[in-house]
Amino acid sequence: MINNTRAGCWLLTDMCLHTIALSLVKAMGADYPVMQMVFIRAAVGLVLLLPWLFRGYRSLLSLTHWQLHAARILCSVLALSCGYYALGRVPLALFSALNYLRPAVLMIMATLVLGELVTRRRWLAVGLGFIGVLIALQPGSTPLSSGTLVLFLGIAFGTVATILLRRLKGTSEIVMMLLYTGGLALVSAPFALILWVPVSRSDIFALAAIGLFSQCAQYCFLKAHWLGDVGFLGPLTYLNLLLAALAGYVFFNEIPSASLATGALIIVISAALLRELKGTATSRNSQ
């Protein structure tokens, strides 16, 4: 219970920082190619990680499971690139809502691949959250644009990356961040150079801030998944929908529809129920 409480705090911090970074990406997306923004995000992250690189290079030399690390990096790069592409083409709240397909897929994969146990009541709570996502999306009324289709691909890649992250549990957070950020820069650099658009002075700080907030959010995300279990963290991420809707309204004048608001409320209730079920189970086990 203590570990999951701390994990929840780290995850909430991650979601706030991540929402700010996504808002900046959406604001910049019409002016710069996706791969250029991905590369700048990675370059800023590498600069922030330089002190740890000098101290932790020996850990990199003695690293094992290189195949799993490489697969995680590749899936993460694809997920991020797809997400950046979609973000400039769909509303921020819809972007966040579609990403709530990931926790359901994640819990299924965690059960099948990692053998993690999820109680029936927690499955029901997750199902309630999924119903909320369906209400928010209004299936059949939302056209499948290129942004929506690419986002679905990003969700799939991101889910696999998270599963691989769980398989690599025990590797230090700094090493994971160095590998991810370095791989991101390496893969995106050739495409960024080909598509490069000169950066105006007024946009330099905004593009750099994407890397700053994203890197800090990644550390919080890794810390959360090291401390908590997937069954607890997955549904808690539903709260990110509220943050995204708020950011979309404040920064982009995107007013959530009644169906989106209703779905968001159901999702929040689902997350609250699941946290309560987790606490009840812990209390009974301690008696």
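Some notes on this structure:
- Rounded if a/c under 1.5, otherwise prolate or oblate - region 212-256, Cα gyration tensor axes: oblate
- Under 15 Å, Cβ to Cβ, from ALA27 - net charge with Lys/Arg +1 and Asp/Glu -1: 0
- Table column - 3J(HN,Hα) (Hz), region 252-269, Karplus curve with 6.51, -1.76, 1.60, x for Gly and Pro: 10, 6, 8, 8, x, 6, 4, 5, 5, 5, 5, x, 4, 4, 4, 5, 5, 4
- Sequence ranges 25-34, 201-210, ranked by mean other-Cβ count within 10 angstrom, highest first: 25-34, 201-210
- With each label modelled as a point 7 angstrom along the Cα→C-beta vector, the THR119-LEU74 pair spans 4.0 nm.
The numbers here are math on the coordinates, done by the rules we state, and not lab data. The structure presented is a predicted model; accordingly, all values stated were derived computationally and were not measured. In this analysis, Cβ positions are derived from the backbone assuming ideal geometry, glycine residues included, and neighbour counts consider all displayed protein chains.
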